[in-house]
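J.: Just passing along the structure, written as structure tokens.
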């Protein structure tokens, strides 16, 4: 099989984080007076909402601590920390250094924040695999985390949620999952963006579906198939970027996958779209349960636009590793429901004048 | 370019707050948080840094309805005394509805925003505690 990695790379530890607060899609619809037919087709039941003292950095720290606990690696051996987010707490000042400091990877480490809408963390994953497989370092930490923004009353408000995922990437020996191959496909496509100093993103009408999500994911996955000779029936699982509950199932069918391959990694209907964690938290959930020897197709997507397709194989050590930290489902089942008023208070959507 | 003042103490103590490191006295054996150059119990200067347990029990708590400036979004704020076995820590208790807290309940450390130095200043991070999963699920 075609293998773009010289010495290979694997996932030694994976970790997720989902905030405890949830808002039901029906509660958002109630606040804005939306009739059912306007939002039910999104395939969203409820979404996770970050607490007021959470941001993409704090959530990234918890996911990273879980990933490092699973890897069983001394954090001082991590030589790169890549943070992918489109909701950085600072416009200028890396979150990667805060995470690196909190987990104990500083000071002898690379650290940077990456930007590519929802696939920045996936670009981090490709970088981490390249650095490890070239022998430049032993371990790298990749974090995807977002407190996704949506303008109040925009359709995005039903899906834009909060969550994080992290992976410790290292050499093939001792890895819980091996990355067999990867293929990336990017073009300049204006489907979704946020201009500087604007609080909420914009989406290009008519651009988000076919020319962006479907074209890029399908091209990346077909590129992977061509390079490796793999086909949909060679995979036990397939996980795609999940901007809503229906796109991942549709892209899967178009590529020749069955809904049974997709459903175990499909989390958006119950936690919303966690942006940089969207497809990768699906991978984390599959690693929480998959049998050794299983093969997983992973295809994150980011607006602007691009997609990566990975073929990942689970190894024998996955079973002992999964016991070392909370599973995705442990976070999914922990929840406190909030109403729309509390949601706008938590996410700074109301302007408060303090000190009076 | 405006020079924002940075709270130097917050920067110097970030590692303790980020990783929940405490001090331990080699003389009397007791641990404490935050780490100090002298043991608060026996005044010995023979102290070392130790990693404190991230799991503990809530001893007691109070609920602040009148919150500090900058914390209105987080109101009401719950402040608890947490027993980590080797040391006790005063911390905010988060991800909890006030009516569900009980003394003796299991809590665990989480990494959160503590406060911001105004709209244009530094964001200060550190450890808080939340109810452990066995209490909420």
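The values are calculated or read from the model by the stated rules, or taken from the named source; none is laboratory data. Fair warning: this is a prediction, and the values are worked out from it, not measured in the lab. Using ideal geometry, Cβ is built from the backbone for each residue, glycine included, and neighbour counts are taken over all protein chains shown.
J.: Of all the residues that make up region A:98-110, how many are within 14 Å of another protein chain (Cβ to nearest Cβ) and either touching a helix residue (DSSP H, G or I) at 6+ places or on another chain (Cβ under 8 Å) or assigned to a helix (DSSP H, G or I) (or both)?
T.: 9
J.: Filter region B:93-117 down to the residues that are facing chain A (nearest Cβ under 8 Å) and modelled with pLDDT of 95 or more and list them by number.
T.: Within region B:93-117, B:94, B:95, B:110, B:111, B:112, B:113, B:114 meet the criteria.
J.: Of everything in region A:158-177 that's out of contact with any helix residue (DSSP H, G or I) (no Cβ under 7 Å at 6 or more places or on another chain) and surrounded by 19 or more Cβ atoms within 10 Å (Cβ to Cβ), which residue is nearest to residue A:199 (Cα to Cα)?
T.: Only one residue tops the list, namely A:160.
J.: Quick one: in region A:300-355, which of the residues that are free of Cβ contacts under 8 Å to residues at least 40 places away in the same chain, part of a loop (DSSP other than H, G, I, E, B) and over 30 Å from residue A:195 (Cα atoms) is farthest from the other protein chains (Cβ to nearest Cβ)?
T.: Among them, the one singled out is A:316.
J.: Looking at region A:340-355, which of the residues that are surrounded by fewer than 13 Cβ atoms within 10 Å (Cβ to Cβ) and touching a helix residue (DSSP H, G or I) at 6+ places or on another chain (Cβ under 6 Å) is modelled with the highest pLDDT?
T.: The selected residue is A:350.
J.: What strands (runs of 3 or more DSSP E) lie completely within region B:70-137 and have 1 or more residues being over 21 Å from residue A:59 (Cβ atoms)?
T.: B:77-83, B:88-93, B:106-116
J.: I'm trying to understand the selection: among the residues of region A:148-157, which are outside any loop (DSSP other than H, G, I, E, B) and crowded, with 24+ Cβ neighbours inside 10 Å?
T.: Residue satisfying the conditions is A:157 alone.
J.: Is there a residue being part of a helix (DSSP H, G or I) and farther than 19 Å from residue A:286 by Cβ anywhere in region A:159-180?
T.: no
J.: Would it be correct to say that residue B:79 is under 18 Å from residue B:19 (Cα atoms) and either in contact (Cβ under 8 Å) with a residue 60 or more places away in the chain or within 14 Å of another protein chain (Cβ to nearest Cβ) (or both)?
T.: no
J.: Now for a separate question. State which residue is farthest from the chain's Cα centre (by Cα) when the search covers only region A:226-250 and only residues that are free of Cβ contacts under 8 Å to residues at least 40 places away in the same chain and surrounded by 20 or more Cβ atoms within 10 Å (Cβ to Cβ).
T.: A:247
J.: Could you check residue A:290 against (1) away from chain B (no Cβ under 14 Å); (2) in contact (Cβ under 8 Å) with a residue 60 or more places away in the chain and say which number it fails?
T.: Looking at each condition in turn, residue A:290 falls short on (2).
J.: Moving on to the next point. Based on this model, can you work out whether residue B:35 counts as surrounded by 15 or more Cβ atoms within 10 Å (Cβ to Cβ), more than 14 Å from every other protein chain (Cβ to nearest Cβ) and assigned to a loop (DSSP other than H, G, I, E, B)?
T.: yes
J.: Let me ask something additional. Kindly check whether there is at least one residue in region B:57-72 that is modelled with pLDDT of 95 or more and within 13 Å of another protein chain (Cβ to nearest Cβ).
T.: Looking for residues that are modelled with pLDDT of 95 or more and within 13 Å of another protein chain (Cβ to nearest Cβ), one finds none in region B:57-72, hence no.
J.: Just the residues that are more than 8 Å from every other protein chain (Cβ to nearest Cβ) and closer than 18 Å to residue B:35 by Cβ, please, taken from region B:125-137.
T.: Listed by number, the residues that qualify are B:126, B:127.
J.: For region A:280-297, state whether one or more residues are outside any loop (DSSP other than H, G, I, E, B) and out of contact with any strand residue (DSSP E or B) (no Cβ under 6 Å at 6 or more places or on another chain).
T.: Yes.
J.: Moving on. Only one of these conditions is not met by residue B:86: (1) surrounded by 15 or more Cβ atoms within 10 Å (Cβ to Cβ); (2) in contact with a helix residue (DSSP H, G or I) (Cβ under 7 Å, 6 or more places away or on another chain); (3) more than 12 Å from every other protein chain (Cβ to nearest Cβ). Which number is it?
T.: Going through the list (1) surrounded by 15 or more Cβ atoms within 10 Å (Cβ to Cβ); (2) in contact with a helix residue (DSSP H, G or I) (Cβ under 7 Å, 6 or more places away or on another chain); (3) more than 12 Å from every other protein chain (Cβ to nearest Cβ), residue B:86 breaks only (2).
J.: Moving on. Does residue A:214 satisfy the criteria of being surrounded by 15 or more Cβ atoms within 10 Å (Cβ to Cβ), outside any strand (DSSP E or B) and touching a helix residue (DSSP H, G or I) at 6+ places or on another chain (Cβ under 8 Å)?
T.: yes
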